[in-house]
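Below is one structure, written out as structure tokens; the observations come after it.
The values are calculated or read from the model by the stated rules, or taken from the named source; none is laboratory data. Being a predicted model, the structure only gives us computed values, none of them experimental. When we count neighbours, we look across all protein chains shown, and the Cβ atoms used for this are built from the backbone with ideal geometry, even at glycine. What goes into the accessible areas is simple: the full protein's heavy atoms, side chains included, and nothing from ligands, DNA or RNA. Shrake-Rupley method; radii C 1.70, N 1.55, O 1.52, S 1.80 Å.
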Amino acid sequence: MSLKPLSITDNSQTEEDKKLQERVKASGAIPEHIAIIMDGNGRWAQKKGNIRLFGHKAGVESVRDITESCAQLGVGYLTLYAFSTENWSRPSSEINGLMKLLVQTLRNEAERLNRNDIKLVTIGQTNRLPGKCQEQLQEVIDLTKDNQRMQLCLALSYSGRWDIKEAVKSIAREVQNGNIQPDEIDDERISSFLSTARIPDPDLIIRTSGEYRISNFLLWQLAYSELYITETYWPDFRRDELYQAIFSFQKRDRRYGKVKNGYNKSLSTSVINQITS
Ligand code: FPP
């Protein structure tokens, strides 16, 4: 199976798309960090009478389009849930096919990612991946390590519970060694022990294929993320719908558990007593 090279900044971007991106940028803040649960590859393929691997192959085209458009829009961090801890339970033929796709895509894209100033990083138990995958990943990570335009983070053999479990173990060791007092364990400290330590929490989480669940993704990090769930299967999720997701994000009122600006008048004790009596 061979793949077309992934072009991150594509000179063939249409005038219409450039205008659309200007509209997206003008209509509000661009999320600094977008994280995506890419779902529905298998169903997409099966609906077309094909085996599931065709869906994953087609999904690479969406990875290409979304990576390219995020970089063009000025998104700082894009995290893609490419392989979960639970995905190891799939048939070995599907796992092997996915790993082959990953190696091919990385091999084809390394130079372009680098030329376009995109830094590749990973989160997850990448030491569980086949040797070839690990080597190819390391090659692209090394090549792109100084790039600044956007950080593309692949979550591979990743789960949110694994991430939290590892952080808890490391913090426990620090406490045991007397380097941290238990009272010093706060949100920032915990975040700093997660695999995403140098990545801001996601502003926007997108999930494709109409499933309303988080599937063990960034469990700690998504505490205040905005969710965008679409019925579209991942291989059909392209930049036009990314723009819809960002428009939707721009309309959200992110209050982080506080009250809306302008509603911060303090109530007198007598008013509170009247209401609660
Ligand atoms: C979920 O669809 C998707 C995956 C488990 C893998 C995602 C992988 C790719 C898009 C290709 C390779 C990725 C990179 C970064 C090069 P599913 O199989 O769970 O679909 P279903 O819910 O319809 O069964």
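Here are the numbers for the structure shown:
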item: Calculated FRET value between ALA223 and SER92, using beta carbons and R₀ = 25 Å, to 0.05; result: 0.10
item: Contact order relative to length of region 140-277, as percent, for alpha carbon pairs under 8 angstrom and 6 or more apart; result: 19
item: For the chain: relative contact order, % (alpha-carbon pairs under 8 angstrom, 6 or more apart); result: 25
item: Computed [θ] at 222 nm, helices only, for the chain once each DSSP H run of length n ≥ 4 contributes -39500 (n - 2.57); result: -14000 deg cm²/dmol
item: Among GLN176, SER195, VAL140 - extreme Cα towards positive end, dipole of region 128-216, charges at beta-carbon; result: VAL140
item: Shape call, region 37-178: gyration tensor on alpha carbons, a/c limit 1.5; result: oblate
item: Region 31-182, accessible surface, carbon-and-sulfur percent (1.4 angstrom probe); result: 46
item: Region 205-239: chymotrypsin sites (Phe, Trp or Tyr not before Pro) in DSSP coil with no more than 15 other Cβ atoms inside 10 Å; result: TYR212, TYR224
item: The chain: equivalent-ellipsoid semi-axes (sqrt of 5 x gyration tensor eigenvalues, Cα, Å); result: 34, 26, 19
item: For the chain, built as a Gaussian network whose Cα springs stay under 10 Å, the top-fluctuating residue of ALA29, ALA172, ALA197; result: ALA172
item: Accessible surface, per residue, of the chain when the full set of protein chains is kept, probe 1.4 Å, Å²; result: 55
item: With DNA, RNA and ligands ignored, accessible area of SER270 (1.4 Å probe; Å², nearest 10); result: 70
